[in-house]
Structures are given as C-alpha cells and as structure tokens.
C-alpha cells in the first residue's frame, strides 16, 4: 500500500452579515467569515491537504474565486468534488488531522458535529478524524479577533 501525506492551510477574516461555518457546521456567532464561498476555512484547508497528498493543484485551481458558480457555495460541495478528484487518481482517505486557531467563539461544543459531517464526506469513520481548536493567546490577527486560521494534515492510501 502506498501512503501519501498532504498539508493544507487557510485563513479568513471576520465580517458582518455572514454565517460562521467551520467543518460544515454553522456556529452561532455575531460575525462570519468573509470569502467568495461560504468561508469554511477548515474545509478549505482540508481540501488543500487532500489535493496536495494526491499531487494535484491547490483548491483555487479547481474552484477559482473569480468564477460565479462558486459564489457563496457550500464548501461541503467543494470537499465532495475534491474527494472525487483524489478517487480518480486511485486514492482513499486514511486519516485527517485538523486544527482551528480562533479566539472566539469556543469550538468544543461543535467538534463532534464537524467530525460527523467530515467523516461522511470523506467516507471514513469519525475515529479517523481529529479536529482540535486553539486560541492564539491574543497574538496576531487571530488573537485580536480579526479572523481564523486553519491547518490540516491528511494521509491517503492507494
């Protein structure tokens, strides 16, 4: 069995009149993430990690922010398309490890729901997914509450 590793990163700033969606889960909060799509930075980082592990191009190559068909698109749809693309190259997801860096709101109440959503799309068990949340100890753009940063590492099997 051939195992490959991929890494992904994304960040978005907070803005008014947007939903806060991370890991495919809408989280009650006074601000949301500004983006061409729904702004789900966790799924965007995961997509880049999956694409990288399959030696494919980054998320923007497949879903450009200049294309109207992706305006406000649900990022779960993008993830489904990425899973299809890696499947075309003979890969399946072995595991995914993700970190959300955010000051507020607290993510702990939503992590199990995120794992359930992501496991379903990735076609793996929730036990093969880790989602963690950290603060940035009030440092930088995340620490000052301007936005969120996300990281993802995956392994694929062929």
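Only the coordinates and a few stated rules stand behind these numbers; no lab work does. What you are looking at is a predicted structure, and each value in this text was computed from that prediction instead of being measured.
List of remarks:
- For the pair residue 17 and residue 68 in one chain, pulling the backbone fully straight at 0.36 nm per residue adds 16.4 nm over the alpha carbon distance.
- For the chain, adding -39500 (n - 2.57) for each run of n ≥ 4 DSSP H residues and dividing by the number of residues yields -8500 deg cm²/dmol at 222 nm.
- Working note: Debye formula, equal point scatterers on the alpha-carbon atoms of the range 29-73, no solvent; log10 I(q)/I(0) at q = 0.17, 0.26, 0.32, 0.33 Å⁻¹ is -0.51, -0.96, -1.15, -1.18.
- Stretchable slack from residue 124 to residue 81, in nm (0.36 nm times residue separation minus alpha-carbon distance): 13.9 nm
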